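Structure record follows, encoded as structure tokens.
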């Protein structure tokens, strides 16, 4: 794929992936904090801390890819690297979930668990739309500075964004997610029962 | 009067004796027939055992349920044997543990060839039967031959909707636009009990309320919005649904725990309002005294305990259920609390006993009639708890034995088995299994578990 970004210096591999690594580390820290707040005796403080850390964790997981994508572009990462880096934290989250649920489920079921709307599949679908949007915004930013040669809005990122929105609507909003869950469970029964 | 010979006297005495016996027998049978009570079983969904106004809830007003408690026997140590909708519902209907009736989770189908409900025996005893409401067991909705009326729903995988829920009325799907389900089901229940018949009735009224996603009727929406919720457990926080795997319980992840809890209470208030209406109808019909009403829930519910919103483990709040029986003609000392352990599997044998029907031979439960008549304080010392894997819910398969003071739990997977003092430690935080006390109890607990499970032990 032709790289239409110009005058962006390509940093070393490690430096290119540093934003993704930092995002992963940030998630790990937040996750560890969220798991270890039981020592707070005061009810109000505990509640405030739990609410804060979980909301931050939720938005962190949901949005970090947007910034990682942009930061990696600035380090000269190509498209595949940007996508891989942006998916690093959601992927780590998915692996953590697979390990966690493998206590109760078979290996196959544990992987199938990740196709569940919330949290993993929804996060991955959301992430796809987010990265496509991030790509278009990056193009706009660099085009203004004459460092991007193509169109700001292109068919592929636009289609991915639209697909992501439609999928999210179906997964979470249509019938409160009930229909998506029904399809998921019917698939489960076909494969595992 | 002519003097009788000895022979005549003996002959007459004999005839009188036979006559009296026959005369005594015939009216006795007729009398028993007349005395068969009407039966109403009301099943709520996910209602906690302590969510009745009379249980001291800070703001919940439940005059209907409180009336049943005042006029009946309130079983304050009532439990479900599996804290999950479908298995518990099958246990109510069959009187069996889940490993016997086979509905182990929300995916394993109800076997209509193998399973017999208590309706069969009740029908044989001369009743007309109706099942109205939530069936919610996997597989196709079966044809239950012993039902004269069968109204249920299959929308949303059998969970139904609070509003506009299509009903399957005796096999015919019918749209119900503009209807609120708790009211709609109660309307059908009242219609059934008002039907003119010489037969007594048995009504199984199974509500959607108060299962998620909680939606109160419009006039009750927000009635608890300003209530103080500081009584909820310490570990509760607003965004429990953002925890891994919690949102799939059915609670809308976009609402906070507090918002969901208020809606739960409002939906419960709506149920109670319909209960008041039903009880009033019985009064108007003059059949209150001869109608046995049982109120129970399929399982309990956690509202923040163990950072959970749900019901899928053996926590006290999940396995305890409300259980009240009102039967003015058949209860000694109404208005009392009974602390003997009773179970969902006791419903079938109890109803059959009250109806004078043949007992269900395959039942694991025990009739509570002696407790109603105050002849016995308890019918058991322990019971089996089972929870089978229910993908994709993040809970290990588990089996346990609950005695009056302790619970022993064994889990599939990595989680360590435990023994907990349910009175001193209802949150199950202090595992006694490695203590001298726990080690003393362990062999007996294991023996009981194996006995209940037909030798299967802790399943490992």
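The values are calculated or read from the model by the stated rules, or taken from the named source; none is laboratory data. Please read all numbers here as calculations on a predicted model, not as lab measurements. Ideal geometry is used to build each Cβ from the backbone, glycine not excepted, and the neighbour counts take in all protein chains shown.
Structure values in brief
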| quantity | calculated |
| --- | --- |
| Selected residue [at pLDDT 95 or above and touching a strand residue (DSSP E or B) at 6+ places or on another chain (Cβ under 7 Å)] from B:209, B:251 | B:209 |
| Residue match in the range A:37-46 (condition: closer than 21 Å to residue B:429 by Cα, within 14 Å of chain B (Cβ to nearest Cβ), crowded, with 20+ Cβ neighbours inside 10 Å and touching a residue at least 12 places away in the same chain (Cβ under 8 Å)) | no |
| Which listed residue is within 14 Å of chain A (Cβ to nearest Cβ) and modelled with pLDDT under 95, from B:243, B:229 | B:243 |
| Count - residues of the range B:101-123 that are surrounded by 19 or more Cβ atoms within 10 Å (Cβ to Cβ) and outside any loop (DSSP other than H, G, I, E, B) | 6 |
| Scan of the range B:416-427 for residues that are assigned to a loop (DSSP other than H, G, I, E, B) and modelled with pLDDT of 90 or more, ordered by number | B:416, B:417, B:422, B:423, B:424, B:425 |
| Test: residue in the range A:92-102 that is outside any helix (DSSP H, G or I) and modelled with pLDDT under 95 | yes |
| In the range B:349-398, residue surrounded by the fewest Cβ atoms within 10 Å (Cβ to Cβ) [restricted to those that are assigned to a strand (DSSP E or B) and within 14 Å of chain A (Cβ to nearest Cβ)] | B:398 |
| Test: residue in the range A:55-69 that is on the phi > 0 side of the Ramachandran plot and either within 14 Å of chain B (Cβ to nearest Cβ) or in contact (Cβ under 8 Å) with a residue 60 or more places away in the chain (or both) | no |
| The range B:124-143 - residue that is over 17 Å from residue B:156 (Cα atoms) and in contact with a strand residue (DSSP E or B) (Cβ under 6 Å, 6 or more places away or on another chain) and, of those, surrounded by the fewest Cβ atoms within 10 Å (Cβ to Cβ) | B:128 |
| Any hit, the range B:205-223, residues being loosely packed, with under 14 Cβ neighbours inside 10 Å, touching a residue at least 24 places away in the same chain (Cβ under 8 Å) and within 24 Å of residue B:269 (Cβ to Cβ) | yes |
| Filtered residues of the range A:162-176 (kept if crowded, with 19+ Cβ neighbours inside 10 Å and either farther than 15 Å from residue A:123 by Cβ or within 14 Å of chain B (Cβ to nearest Cβ) (or both)) | A:171, A:172 |
| Options A:181, A:112, A:192: the member that is surrounded by fewer than 18 Cβ atoms within 10 Å (Cβ to Cβ), touching a residue at least 60 places away in the same chain (Cβ under 8 Å), within 9 Å of chain B (Cβ to nearest Cβ) and within 16 Å of residue B:393 (Cβ to Cβ) | A:192 |
| Within the range A:140-193, considering residues that are outside any helix (DSSP H, G or I) and in contact with a strand residue (DSSP E or B) (Cβ under 7 Å, 6 or more places away or on another chain), the one farthest from residue B:156 (Cα to Cα) | A:147 |
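Residue-by-condition table, conditions (1) over 17 Å from residue B:311 (Cα atoms); (2) outside the structural domain of residue B:296 (by TED's automatic domain parsing):
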site: B:345; (1), (2): yes, no
site: B:358; (1), (2): yes, no
site: B:363; (1), (2): yes, no
site: B:368; (1), (2): yes, no
site: B:373; (1), (2): yes, no
site: B:387; (1), (2): no, yes
site: B:390; (1), (2): no, yes
site: B:408; (1), (2): yes, yes
